1. Please work out the Kirkwood hydrodynamic radius for segment 155-373, using every pair of different C-alpha atoms, and report it in angstroms with one decimal place.
2. Rounded to the nearest 0.05, what FRET efficiency do Tyr153 and Lys212 give with R0 = 25 Å and r taken as the Cβ-Cβ distance? Could you check?
3. Hey, what do the phi angles of segment 300-313 turn into as Karplus ³J(HN,Hα) couplings, whole Hz, using 6.51/-1.76/1.60 and θ = phi - 60°, x for Gly and Pro?
4. Run the numbers for Lys421 and Asp226: contour at 0.36 nm per residue of separation, minus the present Cα-Cα distance, in nm.
5. Would you mind checking which residues have amide H under 5 Å from Tyr360's amide H? H placed 1.01 Å from N; only 5 or more apart, or other chain.
6. Determine the dipole magnitude for segment 155-373: charges of +1 sit on the beta-carbon of Lys and Arg, -1 on that of Asp and Glu, nothing else is charged, the reference point is the Cα centre, and the result goes in debye to the nearest 20.
7. Work out from phi, with θ = phi - 60° and the Karplus expression 6.51 cos²θ - 1.76 cosθ + 1.60, the ³J(HN,Hα) of each residue of segment 263-276, listed in order in whole Hz, and give x for Gly and Pro.
8. Roughly speaking, what is the stretch gain from Lys325 to Lys194, that is 0.36 nm per residue apart minus the C-alpha to C-alpha distance, in nm to one decimal?
Amino acid sequence: MGICQQEEKNKNKKQTKNQELRQNEVPVEKKPEIKKDELPGIPESKNETEKDENIEEKKDELNHQPEKIEVDFNQQPQENEENQNILKNPNNFPEANNEEEEENRRNETEIKDENFNANEPKEEKREENPLIKKQNDLPKIKLKEFTNTSTLYGHTEKVITIIRLNSGKLASGSYDNTIRIWDINNVSKDKEDKIIKETGRIFVLLEFEDNKLLCGTSENKINLWDLDSNSYECEYSFEGHELWINCLVKIDHNRFASASNDAKIKIWDFHSRQFLFEFSGHTDCILSLIYLHNGKFCSGSADTTIKIWDMDFKNCVQTLVGHEKWVKVVFELDNGMILSGSDDYSIKVWEMKPEQNEKYACIKTIDENKHAIRAFCQINSRHFASGCFDSTIKIWEIGTWNCVETLVGHTSNVIGLINFKRAGRNVIVSCSNDKTIRIWEKDIDNNDD
């Protein structure tokens, strides 16, 4: 037998022996392999599908972790800062920006009270800010600067003119075709005493005699009203102008003057109801008219000029040139100087020069304003006020011509100003395109005349 055959025979014997050993081997139960992601504590399911679902649910529970919330322990809540400020100063209560925010705050407080939880302390009611006073308390306060002590509401359109009656009440005229009479001596009242309904817009008012009120309207007429009558009927209408009546001025106990957009000045006899004569010379609307202490008239016009008129000779004796746009207001100070305000944003001061045959010359131009000037009034021998189209009232010092105070309150053009004294105070009354009338007061100091 060759070597190869012998090796083949031995190999077959070895294979036969191995087969016998395998047949005699006792089978050993194989243990299930535990995977790393298999979790303990899950009960065996009856079937593999149910087991897999339980395992997935358990994984989701363990894998879900709450979000981390970062807290800055150095930051204090805004409410605590306000409370600390209030504790330091009880007057520092937060104020609402407007009436709507204030009403929302009150509503929120009411809701909190209704939903009050007994386990939580009830919010303490805040005391009224002592700096906010009612109108009846205002006269007790010392006012070193002009302060808006009251505001009169009622007109539904622009308030164009305001005057003080001999009775101490105010009369106002508006684009809403009404004249309203206000009792400002009773500061607790905020409504007018009387309403007179006109048939046109009202541009100017003049009390010629006690309770005899003249009214210039957009219907080119001057209507006379008796304030003592309860009938509210027009007694008489002075007719003659061709366009709106802008100005009314009392000359003496019998005569008055009117000026109109028709560029004419007319003189009337009040008691006889007669037209006397007229001045003509302007080439555009007359917007302002005053009767000077020297017996002459002064008028400002949309033709950019100011004219001085002589009553005796019934003609124009001087034309003042300098403004570049409409002259909307002229006013005479107690010292005889004339102020003029214009759409060119300037205020000019005119003074009579005896060495120049009593002619007026411009001695100062105030050009600090950035809006048109519409009204003037004199406060005392040292100060006057101007009403401006930027909604402000400015107080100026006579001589230095510097602005020393600005009154802010109106929300539109200031159209009219008057001044008087009462109860130890200087009073300015202003009317505006914002439909309101505002009263400003300041204590009279020892330097006031």
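Nothing in this text is a laboratory measurement; each read-out follows from the coordinates by a stated rule. Nothing here was measured: the structure is a model prediction, and the numbers come from that model. In this analysis, Cβ positions are derived from the backbone assuming ideal geometry, glycine residues included, and neighbour counts consider all displayed protein chains.
1. Numbers: mean 1/r = 0.0550 Å⁻¹.
One decimal place: 18.2 Å for the Kirkwood radius.
2. Efficiency at R0 = 25 Å is approximately 0.35.
3. Each residue of segment 300-313 in turn: x, 9, 6, 7, 6, 10, 10, 10, 9, 10, 9, 5, 6, 8 Hz.
4. 67.6 nm
5. Those qualifying (amide H under 5 Å, at least 5 residues apart or on another chain) are Lys353.
6. Working: 26 positive and 35 negative charges, 43 e Å.
That gives a dipole near 200 debye.
7. Here the 3J(HN,Hα) series is 6, 10, 10, 10, 10, 10, 9, 5, 7, 8, 6, 9, 7, 9 Hz.
8. Details: separation 131, 0.36 × 131 = 47.16 nm, distance 3.81 nm.
Here the segment from Lys325 to Lys194 would lengthen by 43.3 nm.
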